[in-house]
1. Calculate how steeply helix B:145-165 sits against the longest principal axis of the alpha-carbon atoms of chain B, using the helix alpha-carbon long axis, and give the answer as 0 to 90 degrees to the nearest 10.
2. Amide H of A:VAL303 versus every other amide H placed in the peptide plane: which residues, excluding those fewer than 5 positions away on the same chain, fall under 5 Å?
3. Can you spot the lysines whose alpha carbon is less than 30 Å from A:LYS167's alpha carbon? Ignore those fewer than 8 places along the same chain.
4. In the protein assembly as shown, with Lys and Arg counted as +1 and Asp and Glu as -1 at Cβ, which of these residues, B:GLY248, A:SER178, A:HIS36, has the Cα nearest the positive end of the dipole, that is, farthest along it?
5. Show me, for segment A:192-208, the HN-Hα J-couplings you get by feeding each phi into the Karplus relation (A = 6.51, B = -1.76, C = 1.60, θ = phi - 60°), rounded to Hz, glycine and proline as x.
6. Based on Cβ point charges of +1 for Lys and Arg and -1 for Asp and Glu, what charge dipole magnitude is obtained for chain B about its Cα centre, in debye rounded to the nearest 20?
7. Can you list the residues, at least 5 places off or on another chain, whose amide H is less than 5 Å from the amide H of A:THR35, using H built in the peptide plane?
8. Figure the gain on full extension for B:ALA203 and B:LEU56 (residue separation times 0.36 nm, minus the Cα-Cα span) and round it to one decimal in nm.
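Read-outs: derived from the displayed coordinates by stated rules, not from any lab. Keep in mind the model is a prediction, meaning the values are calculated, not measured. Heads up, the Cβs are rebuilt from the backbone with ideal geometry, glycines too, and the neighbour counts pull from every protein chain shown.
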Amino acid sequence: AAAGLCPGRALLARRRGALRALRCSVRGLAAGRETHFGFQTVTEAERREKIYQVFENVAKKYDVMNDSMTLGIHRVWKDILVHKMNPSPGTLLLDVAGGTGDIAFRFINYVRSVRERQLQQKLRHHQNLSWQEISESYQEDKFNLLGDSQVVVCDINKEMLKVGKQKAQHLGYSEGLSWVLGNAEELPFDDDKFDVYTIAFGIRNVTRIDLALEEAYRVLKPGGRFLCLEFSHVSNPLLSRLYDLYSFQVIPVLGEVIAGDWKSYQYLVESIRRFPPQEELKAMIEDAGFLKVDYQNLNLGIVAIHSGFKL
Amino acid sequence: GRARLSHAEPRARDGRSEEEEEEEEEEGQYQLYPGHIPTSPLQKALLAAGSAAMALCDPYRHDMVAVLGETTGCLALPNLRDKMKHHPEGYRILQERPRIRLSTLDMGRLRALPDGSLGREYVRFLEDNKVSPDTRMPPKFVDDEELAYVIQRYREVHDLMHTLLGMPTNMLGEVVVKWFEAVQTGLPMCVLGAAFGPIHLSARKLQVLATELVPWAIRSGRNASCILNVYYEQRWEQPVESLREEIGIFPPP
């Protein structure tokens, strides 16, 4: 009987191997694979195209809409993300799907203020220097207000990057900031380059989240940190019902009235419902190789920050 | 086909069926025509309020005026449709569903018509004011396919109203046409536009508006038969004056 079973098991193992090989070749046929766009079923290629169009349409009103939909609370969420990151001067940050620059600007502000405190500390310890020596130390640091920190903003959408660059100019951010057009699933960067990788409200729009997580792992230096800020799932039943009501009844209306675009905001609320919940995303991040993966719920799960390390 | 926003298939695939069943709220309706977005009563109310506020703040948001018309027309539109049904010419329009678009109009032919004819004056109006019939918003929030056509027809006939009333497309002219349309159609959007449009006008214009133009517009609106019951596309050669008399619009001051 055992002998009879063995060939069957060997056959199964071979088939599994064949399936794995097939899966890899299917990646090449990715266009035909089915996935979701909000509550619709589409192919992967269609989804990428539709999402590109959504962000092309909303780019100019993106910030206004964020403020309207979240009543400005999104600013607090982003502040919390950067505080959790706690970057020190000299950090190299990659902000993926960073379009209009919200995380990048906060990073620069944070690092600048840390740097200022550093310089003040340094001065306090040099109370016995001559005036000349003190003024010389000012000269050195004048050109290093960011302490060599840098942020690269990477986004797949030209319109979003355009809006981000305009904002940067308008707000006076220039030093330590770069803008790169790129795809989270296939980053145009070398291995082991960045200290921190962030993706804020972007991973939901990636078609192959597993690929994006693998890329994140690849481009981070050993010891680097992965941080993801994204809408997540509310388990509290009362809040969940209120949240659903607000999402489905109010947000598309806001989209129509403010941006003249109902459909993009309908997509937004649907895509939030389709996104994996906290634990599932944590598992996916662990699958990509990250360690010490954890998440923090904000506002009872409306938003969650997931964190992992490449160790 | 059905364009429902909740699907049966993806639920099974995700295994998160409870969540998606819970949010089966407003999309219990079909998409009735291309561009139709089914909406719940709450959404319509929010849209009406939001579009009214936005149209007041930014008068260049024509799409907001359109949305306001669609979300508040639930009584006036069926009324208009019935008026059309009970009139031979209106009935034909509902059957044949003509559209006024640059692609369907023979601009060359209309331009060649004698001065004073509807076709010639309409083309002159379009050229003088640099407008095109193709910029009219298609309906999105009307939950009846025939009523969607009625409001579409109303929008496309709007420029002809300008021609028949002899009003330009500046703020003053638009307000006058809105008064006329408010009396004619009873659409709340027209009433609101007529009442609040003058906010952006100067005192001098307001005086002209109040003393001459509005009374004339109201009188004409009351006297005239339903403007949606005229098959304009078959009357390009008719002189404007004669058409005015036939409909019952008094000569403009």
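1. For helix B:145-165, the angle is close to 20 degrees.
2. A:SER232, A:LEU298
3. List returned: A:LYS50, A:LYS60, A:LYS61, A:LYS78, A:LYS84, A:LYS142, A:LYS158, A:LYS193, A:LYS221, A:LYS263.
4. It is A:SER178, whose Cα lies furthest towards the positive end.
5. Per residue, the Karplus-derived 3J(HN,Hα) values read 6, 9, 10, 7, 9, 10, 10, 9, 10, 6, x, 5, 5, 8, 7, 7, 10 Hz.
6. Around 1120 debye, computed over chain B.
7. Placed amide hydrogens put A:VAL42, A:THR43, A:GLU44 under 5 Å from A:THR35.
8. So the chain would gain 51.1 nm between B:ALA203 and B:LEU56.
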